[in-house]
Every structure is written in structure tokens, then in C-alpha cells.
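Each remark here refers to the structure printed beneath this line.
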Amino acid sequence: QVHPVESGGGLVQSGGSLRLSCAASGSGFSIYNMRWYRQAPGNQREFVAIITSGGITNYAESVKGRFTISRDNAKNTVYLQMNMLKPEDTGVYYCQANRAGTNFWGQGTQVTVSS
């Protein structure tokens, strides 16, 4: 199993950029599909992006063209590069490791985008 730990959140102005990192301790990182989710106050947690163990990526429509997910298996880390941030991107961002129906979640990192 793996244990994701997110970092890189913070306060940024609208139009700015942030890069989130998710470092996963444990073994077998490369075989996990990795996802980012986010949750705004009062809202349900929503999918943001995925990168599979094979490197295939997919994004929520709301972030396509602005966010990029990537992974470095040598560092057991997945990244989320967020550009052209909007106030509606504000929320807690969570990293999820998934394999064979088992999910491991991080504790989240707060992203706040001011207008």
C-alpha cells in the first residue's frame, strides 16, 4: 500500500499558478493510478484529473487546458500544475492512489484563489 501526502497549496490571485505535489510513501507506486480531487466548502468532492500507471491522462472539463497532471515514478510523486487559476478553483485538493478497487487518500492541501 501507499500513503499519499499532498503539498504545495496556498493563496494565489486569479490568473496565477500553483503546482501541487503528492508524495506517496510505501511500495509499488508505479502500478497505481493517481487522481486529484477537490472539495469546495459546502460541495461534494469532485474529480479533477487522473494519470494512470501507463501515463494516460484525463481531466475534468472545468480544468482542461489549464491543469496538467504528471508523475515521476522515481520520486514516487504525482504533480498537478495549475495555471490560469480562477476563484472557483478554490478548495481542498486531495490525492488518491488507486489499484484494484482499493483507494488510499491523502489529507489534502488548501488552495485559495482570490479575485
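The values are calculated or read from the model by the stated rules, or taken from the named source; none is laboratory data. Everything numeric in this text was worked out from a predicted model, so none of it was measured. For neighbour counting, all protein chains shown are included, and Cβ atoms are generated from backbone atoms with ideal geometry for every residue, glycine included. Only protein heavy atoms, including side chains, enter the accessible area calculation; ligands, DNA and RNA are left aside. Shrake-Rupley method; radii C 1.70, N 1.55, O 1.52, S 1.80 Å.
Do any GluC sites (Glu not before Pro) in the stretch 16-115 lie in a loop, going by DSSP, with at most 15 other beta-carbon atoms within 10 Å of their beta carbon, and if so which?
61
Taking a spot 7 Å from the Cα of residue 56 along the direction of its beta carbon, which residues of the stretch 6-31 have an amide N less than 17 Å from it?
Only 31 fall inside the zone, counting backbone N under 17 Å.
Could you state the accessible area per residue of the chain in Å², with a 1.4 Å probe and every protein chain left in place?
That works out to 50 Å² per residue.
Heavy atoms only, 1.4 Å probe, whole protein assembly: order 11, 80 by accessible area, highest first.
Highest to lowest solvent-accessible surface, that is 11, 80.
On a 1.4 Å probe surface of the protein chains, which of 113, 5 comes out largest in accessible area, and what is the full order?
5, 113
Work out from phi, with θ = phi - 60° and the Karplus expression 6.51 cos²θ - 1.76 cosθ + 1.60, the ³J(HN,Hα) of each residue of the stretch 95-105, listed in order in whole Hz, and give x for Gly and Pro.
Per-residue couplings from phi come out as 9, 10, 9, 10, 7, 6, x, 9, 10, 10, 10 Hz.
Applying the Karplus parametrisation 6.51 cos²θ - 1.76 cosθ + 1.60 with θ = phi - 60° to the phi angles of the stretch 78-90, what ³J(HN,Hα) value in whole Hz is obtained for each residue in order, glycine and proline being reported as x?
Using θ = phi - 60°, the values come out as 10, 10, 9, 8, 10, 10, 6, 5, 10, x, 6, 7, 4 Hz.
Could you please state how large a percent of the accessible area of the chain is carbon and sulfur, counting protein chains only and using a 1.4 Å probe?
47
Placing one identical point scatterer on every Cα of the stretch 32-115 and ignoring solvent, what is log10 I(q)/I(0) from the Debye formula at q = 0.14, 0.20, 0.22, 0.27 Å⁻¹?
Computed log10 I(q)/I(0) values: -0.46, -0.93, -1.11, -1.53.
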